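Working notes, structure below.
The values are calculated or read from the model by the stated rules, or taken from the named source; none is laboratory data. Keep in mind it's a predicted model, so treat the numbers as computed, not measured. Note that each Cβ is placed from the backbone with ideal geometry, even for glycine, and that neighbours are counted across all protein chains shown.
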Amino acid sequence: MAERGSGVEPSVDVGNVKPVQLAEVLRSMGIGKLYEYQYRAYLEITGGRNVIITSGTGTGKTEAFIVPILARALGGRREVVVYPTKALARDQESRFRALAEPLGLRVATYDADTPPEVRRCVYGGDYALVLTNPDMLNTALVHVPAFRRFMSTVDYVVIDEVHVYNGVLGSHLHYLIRRIRRLNPGVRFAAASATIGNPAQYFEGLTESPVVHIDGIRGVRGELIHIMLRPIKRGKLQEVVNLVKLCIELNKKCLVFADSHWMVEVVKRMVNSAGVGDKVAVHRAGLRPDERRRVEDMFKRGELRVVLATPTLELGVDIGDADFAVLATNPPSFIKYLQRAGRVGRRGQRAYVVQVLGDDPMSTYYASHPEEFYNRSPEPMFMEPNNDEIATRHLLAMIKESAVRLSELDEYLRYLVGKLSNEGLVSVRGDRVFLTENGLRAINSFNVIRGNGDVVLIRRRGGGVVGYRELPMAIRELHPGAIYMHGGSTYRVLELDLQRRRAIVTPEDSSDLVTKALYNSNPTVVNVIAESRYRGIPIRYAVLDIEEEVYGYVVKRMSGNETLGEYRLSEPIRYRFRTKGIVLNMPPVQFSAIELRDMVERGKAYHATEHVLISAGEVIVNAAPTDMGGISYPTGHIIIYDSYPGGSGVTRLLMERIDKVIDVAYSIVTSCNCRDGCPRCVYSPYCGNNNRMLSRLNSIKVLEAALRGEEGVDEPPPFEGSIP
């Protein structure tokens, strides 16, 4: 499929921009005309309204907000622009300086590397434009009174790349905005975003204010060829490696995207074995910032031809241009597909986006329905404000930043105040809420807002830091005996100390071996938040406590996926966290008159159904493969939960769209021609018992009973005998 740019040309003369000196600077930089949407953004922002701008790649979204905030800054106001990462803010600084400095306006980047003398000038209001990131914004609000005073005077806060703030990060941003508004009730907000399904609704939810949506244009570039590829005679990863080799042979620059650390590391090991590893590097979260910057610079200079990346490179950090985007996993949303496609062809040359399908359920579905893959609309964004883990941290921060009264809080935050009071972190005197000494200690550790903040530091034995991994995923990847891959290097895990949040590793040359954790997930329903039904199936959205227990692991050969051995840990590793999820009471289906055999077959049926509901749900609700976990019972109960502590909101969306999820799940299991279960239908790479106890045929019967409207089981889940 071929796609060309929009063909729309700028049409509004910059002479319409005021003051005159701003228009003159734009002309001096070769900008004589604005797109109509850019001019509308100029009018709305200079008019003081809350605005969200959506437009395609390379269409000037940044200029759409730079021009009006410069116009406001020339009136003596101070503006803040928030980028998702420190690297992206630093990358954009020169772009801002080029426009601001000829106008006599100063620009600063405010992050952990900002020198003390520059920080003092920021606090004093000497800089008209301050670029920062959410982590620094959070830390400075909590710990720097001078920064709080500065933020109380800011005119606009602009949030670029707002489509990144989905799920957990969106919940953090929601509370950051609340905290800023408490200090500065008159502050206004603007945002720029890739195209999303619900821009006004989402930004209104983040800011709790009415907003104006300004819709831009499609990308401006040369021809873009979209290719969907399903290899038959070789595996998906080998096909990706072949495409990498082809790009190197043709001297083309290529970005390979995957949605898991594990996959980019495996591909790196495979290209190393193929003899082209010196031209290829990994770029992912968990690497040190200096490692990522080195990869970006080498790719930009042409010293690297290929970068293997998780979504870290979807953002607009300048890495130069690329000719190919190879997508090694199905992007969890069409928004992410468009973002990855937008990284290539920026010079106007013909470029290619190759979606490589595999043997997973959604690849099977899209191989039969390619039109559904390419004809999708950008999905709506979601976030869960009532996330206890996240809201508690921000509430403690609010109390430290400025006096809090119970009467100003909503019902949910008042509930959290009561909880914090019982835990000894706050005290309530009349209408006022105060931090205790324990509360102060708790807030002093709140410096990072990405994910849940609970991470395991990875260290070499007798050496320095390798990287980090978030919990709960860390117990599956860093248990003793695990093979851990990092930036193309391979390590064996010697020790995992959860109490000290530390893993000790040692380098190991095991180029063709991988490990996979065996684990159980044990849930407890704390309380039910909402209830719904799908035909005869009761569904409850609830607060859950999940205890994950890693009890062993399997060793596999990477080439061929052959299992070489299964090992038990001397002592299981357990991690408990609170989250949110849905409990489905599926229809009870009998498979045998013999009770023991029926119990086994029901276990296979509901386990397979749990897997395929999660697979279908990934695309329907815009979720990554690791965003949801699942537990099933032979009784017919299936629990699907948010993988992030506190909850991300993804399973609430799953409940709202369960009709479409069940339709797609049924299509997956009925269209596969395997004997009774395979990677194309009901297997999951994240299954805790190595994809045992699964039956595609039994799952068909369960889903058919659901589609017929048969009543779900009546009793609550047993909470024992679960299959993860």
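The set of residues in the stretch 160-178 being in a helix (DSSP H, G or I), over 13 Å from V82 (Cβ atoms) and either in contact with a Leu (Cβ under 6 Å, 6 or more places away or on another chain) or at pLDDT below 95 (or both) consists of H163, V168, G170, S171, H174.
Of the strands (runs of 3 or more DSSP E) lying entirely inside the stretch 285-361, those containing at least 1 residues that are modelled with pLDDT of 85 or more and either surrounded by fewer than 21 Cβ atoms within 10 Å (Cβ to Cβ) or of a type in the set (F, W, Y) (or both) span 324-327, 351-356.
Scanning the stretch 507-540 for residues that are over 17 Å from V555 (Cα atoms) and in a loop (DSSP other than H, G, I, E, B) yields R535, G536. The set of residues from the stretch 533-556 being more than 30 Å from V466 (Cα to Cα) and within 27 Å of the chain's Cα centre (by Cα) comprises I539, R540, Y541, A542, V543, L544, D545.
For the stretch 489-541, give me the residue count where each residue is among the β-branched types (V, I, T) and assigned by TED's automatic domain parsing to the domain that holds S632.
Going residue by residue through the stretch 489-541, those that are among the β-branched types (V, I, T) are 490, 493, 504-506, 514-515, 524-526, 528-529, 537, 539.
Imposing the further condition that a residue be assigned by TED's automatic domain parsing to the domain that holds S632 reduces the set to 524-526, 528-529, 537, 539.
Count: 7.
State whether one or more residues within the stretch 184-192 are part of a helix (DSSP H, G or I) and crowded, with 23+ Cβ neighbours inside 10 Å. Working first, answer last.
Filtering the stretch 184-192 down to residues part of a helix (DSSP H, G or I) leaves none.
No, the stretch 184-192 contains no residue that is part of a helix (DSSP H, G or I) and crowded, with 23+ Cβ neighbours inside 10 Å.
Checking L99, L88 one by one, the residue that is more than 24 Å from the chain's Cα centre (by Cα), more than 25 Å from A397 (Cα to Cα) and outside the structural domain of Q339 (by TED's automatic domain parsing) is L99 and no other. If the condition is being at pLDDT 90 or above and in contact with a helix residue (DSSP H, G or I) (Cβ under 8 Å, 6 or more places away or on another chain), then the stretch 644-662 contributes L654, R657, K660, V661, I662. Only residues that are buried (at least 24 other Cβ atoms within 10 Å of the Cβ) and not in a loop (DSSP other than H, G, I, E, B) were counted in the stretch 642-654, giving 4. Among the candidates G488, G464, G536, the residue that is farther than 30 Å from G709 by Cα, small (G, A, S), in contact (Cβ under 8 Å) with a residue 24 or more places away in the chain and out of contact with any Phe, Trp or Tyr (no Cβ under 9 Å at 6 or more places or on another chain) is uniquely G488. Note on the stretch 90-104: residues that are surrounded by 19 or more Cβ atoms within 10 Å (Cβ to Cβ) and under 21 Å from P289 (Cβ atoms) amount to 2.
Given the criteria surrounded by fewer than 22 Cβ atoms within 10 Å (Cβ to Cβ) and not aliphatic (A, V, I, L, M), does H226 qualify? Break it down into steps so the answer makes sense when it comes.
On the way: surrounded by fewer than 22 Cβ atoms within 10 Å (Cβ to Cβ): yes; not aliphatic (A, V, I, L, M): yes.
Against the criterion (surrounded by fewer than 22 Cβ atoms within 10 Å (Cβ to Cβ) and not aliphatic (A, V, I, L, M)), H226 qualifies.
Scanning the stretch 79-135 for residues that are hydrophobic (A, V, I, L, M, F, W, C), in contact (Cβ under 8 Å) with a residue 40 or more places away in the chain and closer than 20 Å to E24 by Cβ yields A98, L99, L103, A128, L129. Inspect all residues belonging to the stretch 401-413 and state whether any of them is within 26 Å of the chain's Cα centre (by Cα) and more than 30 Å from I335 (Cβ to Cβ). Yes, that holds for at least one residue. The residues in the stretch 660-696 that are closer than 28 Å to Y553 by Cβ and of a type in the set (S, T, Y) can be counted, and the count is 4.
Going through the stretch 295-346 one residue at a time, which ones are touching a strand residue (DSSP E or B) at 6+ places or on another chain (Cβ under 6 Å) and not aliphatic (A, V, I, L, M)? Hits for the stretch 295-346 are F299, T312, D323, F324, R340, R343, G345. A residue that is over 31 Å from the mean Cα position of the chain (by Cα), of a type outside the set (S, T, N, Q), at positive phi and outside any strand (DSSP E or B) occurs somewhere in the stretch 104-120. When the residues of the stretch 617-637 are filtered to those that are more than 18 Å from the chain's Cα centre (by Cα) and buried (at least 24 other Cβ atoms within 10 Å of the Cβ), the one that is farthest from M383 (Cα to Cα) is G636. The combined condition, being buried (at least 24 other Cβ atoms within 10 Å of the Cβ) and not hydrophobic (A, V, I, L, M, F, W, C), is fulfilled by E610. Among the candidates R557, R578, R568, R535, the residue that is within 25 Å of S643 (Cα to Cα), at pLDDT below 95 and of a type in the set (D, E, K, R) is uniquely R578.
Here's the yes/no breakdown for (1) in the same structural domain as G104 (by TED's automatic domain parsing); (2) more than 28 Å from the chain's Cα centre (by Cα); (3) part of a loop (DSSP other than H, G, I, E, B):
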site	(1), (2), (3)
G15	yes, yes, no
K18	yes, yes, yes
Q21	yes, yes, no
R27	yes, yes, no
Y37	yes, yes, no
L43	yes, yes, no
R49	yes, yes, yes
F65	yes, no, no
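Filtered by the rule that a residue be small (G, A, S) and assigned to a helix (DSSP H, G or I), the stretch 253-283 gives S273, G277. For the stretch 236-252, residues that are surrounded by fewer than 22 Cβ atoms within 10 Å (Cβ to Cβ) and more than 11 Å from A328 (Cα to Cα) total 8.
Considering every residue within the stretch 463-480, establish whether at least one is farther than 25 Å from L169 by Cβ and either crowded, with 21+ Cβ neighbours inside 10 Å or assigned by TED's automatic domain parsing to the domain that holds V554 (or both). Scanning the stretch 463-480 turns up at least one residue that is farther than 25 Å from L169 by Cβ and either crowded, with 21+ Cβ neighbours inside 10 Å or assigned by TED's automatic domain parsing to the domain that holds V554 (or both). When the stretch 193-219 is filtered for residues that are under 20 Å from the mean Cα position of the chain (by Cα) and surrounded by fewer than 21 Cβ atoms within 10 Å (Cβ to Cβ), the ones remaining, listed by number, are T195, G197, N198, Q201, G205. Identify the residue in the stretch 481-506 that is hydrophobic (A, V, I, L, M, F, W, C) and not in a strand (DSSP E or B) and, among all such residues, is surrounded by the most Cβ atoms within 10 Å (Cβ to Cβ). Top of the filtered list is A482. If only residues of the stretch 409-443 that are among the aromatic types (F, W, Y) and in contact with a helix residue (DSSP H, G or I) (Cβ under 8 Å, 6 or more places away or on another chain) are counted, the one that is nearest to I399 (Cα to Cα) is F434. For the stretch 362-373, filtered to residues that are over 22 Å from N166 (Cβ atoms) and outside any loop (DSSP other than H, G, I, E, B), the residue that is farthest from the chain's Cα centre (by Cα) is S368.
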